[in-house]
Structure formats: structure tokens, C-alpha cells
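Novice: This is the structure I have questions about; it appears just below.
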Amino acid sequence: MTRVKIGVIGCGAIAQVHHMPNLKELQDEFEVTAVCDVSAGASRYVAERFHVPRHFTDYRDLLASDVEAVLLCQTDPKKNVAVDAFDAGKHVFVEKPVCFSLEECDEMIAACARAGTVSQAGYMKVYDPAFERAKREAAGMDVRFVQINHLHPNNDLHLKQFDVRRFDDLPEDAIQSSIAGRAAARRQAIGDVPSHVERAFFLLAGSMIHDLYGLREIMGLPVEVTHIEIWQEGRAVTFTLVYENGARCVGTWIDLPHLWDFKETLELYGDDKRVIVAYPTGFSRGILSTVSIQGIDSEGTTYRSEPYIDWDSAFVRELRHFQDCIVNGRQSRTSLEHARKDVGLIIDIIKAHQG
């Protein structure tokens, strides 16, 4: 098996909890040769903890090294780093949120096309065995109604279960550059909006994106956004989407910061069958998603089943797929072209609120 030399840019929580341990486990598929973070302490710590030979604070130094691919999980926005990585001839895996505007996405897609390399968005739930089973079940359904519930506690409640190291050496210019970059991308996407709308926009792009891309995988893109309510000062959003077959999706994301239990479900309803997927928090390891199938069989008997789900991490499966695309030329299931559709939907949802 061909090992891909990969560099990781961004050494925060998602790298420490998931990507670095998983890349170490996938030692036949990947060799991590460098890490980078604007925090010198974080870069050094992750390199030492995971036995990576080189660490940098400037991503351009990493791109100039021997890496063939990069995994971007740094603070947003990621567009400039992604474009530079493509222009350096690298394969690029971009953690969510990939970007905030269609213009950003188009720049990255164009850079990927120039490079002729692989792009992949960090859409791990598409690779979840429970989601894949639900998608197969839904393929034989005439879906009439979809409901998404995403009840989101403060991530720190779950991160406390892990040894995540944070450092206070972030350069002030890097902090200000990130703030300015997010603001510029937001203006490009939806213009100047009240603070509660801006907050809702970023939570859709940063957290509810998982629900939106999974929904698109099963239902396609909606034809209309008929309702959106932004409430709790932008810490909660409810919307209704309409699909070509007349089906509706009602989706809700709400911040419940002091509640331990995380709840994220995708529920699909037909006239004689329903499929419900429940996901654990992204900041967990070894906790499986579940899928419940209820219906009526050919003899008119009502049944309920909860199929066995493989003990296989969605995060690991998406990395394996990335390596397969690089080495064997497979088309990415979650390319930047796919991600662009979700960026566009988020903008449409916010614009529906603006009227």
C-alpha cells in the first residue's frame, strides 16, 4: 500500500482528539512528516506527542517541505491556505467549515483544477456506517417529511474527557487576521447583517453543516426555503425547506450550553416507513451512531429494527477515502464541488430570513 506523506495545519482540539491519533493508526496509508500552527507551543507539543519530525509556525514552510497532501484544520478562514496548497501541487483535505462564500469556494475549486490534485471536505458523517445504512434505506422510500434536531451543548463539556492542550502564545496579528478574514467572507456571502443573524450564519456553516450535507446526500437540494426563524440572540435557528416531490424538512439547531447530553438526529418519514439516525458528539471516540428503522412489511406486520453498525470511526473512514482518492484516482465523495452546494444553501437560508 502506498503511504502518502501528509502535513497537518492547525494543532487545536480536532487535530489532537481525532486527526492526529487517527493518522497514527493509519500508518499504512499515511506518514505525517510535518505539523504547523501559528502557536509555537501547540505546534511543538503536537509534534512531540505524535512523534512528527518537523513542526512550523508558518504554513508556507510546511508546503515547501516534502508533504504530498495537507489536512487543514486551523482557525477560519481557510481559503488562502487551501489555494496556496493547491498551487504548491498538494492534495488538500479541508475541515469544515470549508469556507463561507461562494466566491471563496470557487477560488479553491479553480486552484484544485489547476493543480490536478484531490480536494476533500471534512464531511465525516457521510462516511458514518449508520448514515450509509440510512441512505440505503431512504433510497427505497418516498420521503414525505424530514426532521433535523441538533441540540448542542458547549464543546468544552466533552473536550474535558480528553487531554487537549491549549497555549497562550497566539500572535496578536494572527488573531486579528482571522477576525478580519471571517468578517470579509461574511460580507461577501450575505452582506452586513445584525449580530444575531451573523451568529446564526456562522453556526449554520460551522456546526449544522453536518446536518445539511447529510440531508443533501439523501434528498438533493431543496427548491425553496419557506421559513426561517433566528432566535435566542442567534444561538438558535429553525427553518423549513421544500423539495421537488413536495416533501418538507424542518430543521432546528439550538445552543444548550450547560446540558451534558448532545442530541443530533436525522429523521426520514414516508407513508409506511421511517428511518432515524442519531449521532454522538464529534468530540467523542468509540461511541457509535445508531439507526432505527420502522415500517410495515409485505404481510402488514409492523416492525422495528436497529441494525448492527460496524465499529468503524467516520473520521478514520474519511481519511482512508482521501488516501484512496490520491493513490488510486477515485473521485472524492465529498469534494469542494459538493461543499459549494452546501455553502450556497446556507446563504439561501440566511437570505430567506432577510426577505
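Novice: Going by the structure shown, is TRP253 surrounded by 20 or more Cβ atoms within 10 Å (Cβ to Cβ) and either in a loop (DSSP other than H, G, I, E, B) or among the aromatic types (Phe, Trp, Tyr) (or both)?
Specialist: yes
Novice: Here are GLU267, GLU318: which of them is under 16 Å from the mean Cα position of the chain (by Cα), buried (at least 17 other Cβ atoms within 10 Å of the Cβ) and among the charged types (D, E, K, R)? Please lay out each step first, then the result.
Specialist: Values: GLU267 fails: under 16 Å from the mean Cα position of the chain (by Cα).
Checking each option against the conditions leaves just GLU318.
Novice: In this structure, is ARG165 of a type outside the set (A, V, I, L, M), modelled with pLDDT of 95 or more and more than 30 Å from GLY251 (Cα to Cα)?
Specialist: So ARG165 fits the description; yes.
Residues are listed down the side, and each one gets a yes or a no for (1) closer than 23 Å to VAL164 by Cβ; (2) part of a loop (DSSP other than H, G, I, E, B):
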| site | (1), (2) |
| --- | --- |
| GLY7 | yes, no |
| VAL32 | yes, no |
| VAL38 | yes, yes |
| VAL52 | yes, yes |
| CYS112 | no, no |
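Novice: Can you tell me which residue among ASP28, ASP61, ASP37, ASP87 is surrounded by fewer than 17 Cβ atoms within 10 Å (Cβ to Cβ), at pLDDT 95 or above and touching a strand residue (DSSP E or B) at 6+ places or on another chain (Cβ under 9 Å)?
Specialist: ASP61
Novice: Can you tell me which of SER284, SER298 is assigned by TED's automatic domain parsing to the domain that holds ASP211, among the polar types (S, T, N, Q), assigned to a loop (DSSP other than H, G, I, E, B) and more than 20 Å from the chain's Cα centre (by Cα)?
Specialist: SER298
Novice: Can I ask one more? Could you pull out the residue among VAL94, VAL164 that is hydrophobic (A, V, I, L, M, F, W, C), outside any helix (DSSP H, G or I), within 25 Å of PHE315 (Cβ to Cβ) and under 16 Å from the mean Cα position of the chain (by Cα)?
Specialist: Sole residue among the options that is hydrophobic (A, V, I, L, M, F, W, C), outside any helix (DSSP H, G or I), within 25 Å of PHE315 (Cβ to Cβ) and under 16 Å from the mean Cα position of the chain (by Cα): VAL94.
Novice: Restricting the first residue to segment 163-190 and requiring it to be under 14 Å from ASP37 (Cα atoms) and assigned by TED's automatic domain parsing to the domain that holds SER43, which pairs with a second residue that is of a type in the set (Asp, Glu) and modelled with pLDDT of 95 or more meet a Cβ separation below 9 Å and a spacing of at least six or different chains?
Specialist: From residues that are under 14 Å from ASP37 (Cα atoms) and assigned by TED's automatic domain parsing to the domain that holds SER43, there are no pairs.
Novice: If you don't mind, another one. From the list TYR308, TYR303, pick out the single residue that is out of contact with any Pro (no Cβ under 6 Å at 6 or more places or on another chain), without any contact (Cβ under 8 Å) to a residue 40 or more places away in the chain and part of a strand (DSSP E or B). Reasoning before the result, please.
Specialist: Working: TYR308 fails: part of a strand (DSSP E or B).
So the residue among TYR308, TYR303 that is out of contact with any Pro (no Cβ under 6 Å at 6 or more places or on another chain), without any contact (Cβ under 8 Å) to a residue 40 or more places away in the chain and part of a strand (DSSP E or B) is TYR303.
Novice: Considering GLY329, GLY286, GLY282, which residue is at pLDDT below 95, of a type outside the set (A, V, I, L, M, F, W, C) and on the phi > 0 side of the Ramachandran plot?
Specialist: GLY286
Novice: Can you find, within segment 12-30, the residue that is farthest from HIS321 (Cα to Cα) among those that are assigned to a loop (DSSP other than H, G, I, E, B) and of a type outside the set (Asp, Glu)?
Specialist: Step one: list which residues in segment 12-30 are assigned to a loop (DSSP other than H, G, I, E, B), which gives 12, 26-29.
Going one step further and asking which of them are of a type outside the set (Asp, Glu), we end up with 12, 26-27.
Numbers: GLY12: 23, LEU26: 12, GLN27: 14 Å.
Applying the filter and picking the extreme gives GLY12.
Novice: Can you work out which of the residues in segment 167-215 that are within 23 Å of the chain's Cα centre (by Cα) and of a type in the set (Phe, Trp, Tyr) is surrounded by the fewest Cβ atoms within 10 Å (Cβ to Cβ)?
Specialist: PHE202
The values are calculated or read from the model by the stated rules, or taken from the named source; none is laboratory data. In this text the structure is predicted, and so the values were computed from the model without any measurement. When we count neighbours, we look across all protein chains shown, and the Cβ atoms used for this are built from the backbone with ideal geometry, even at glycine.
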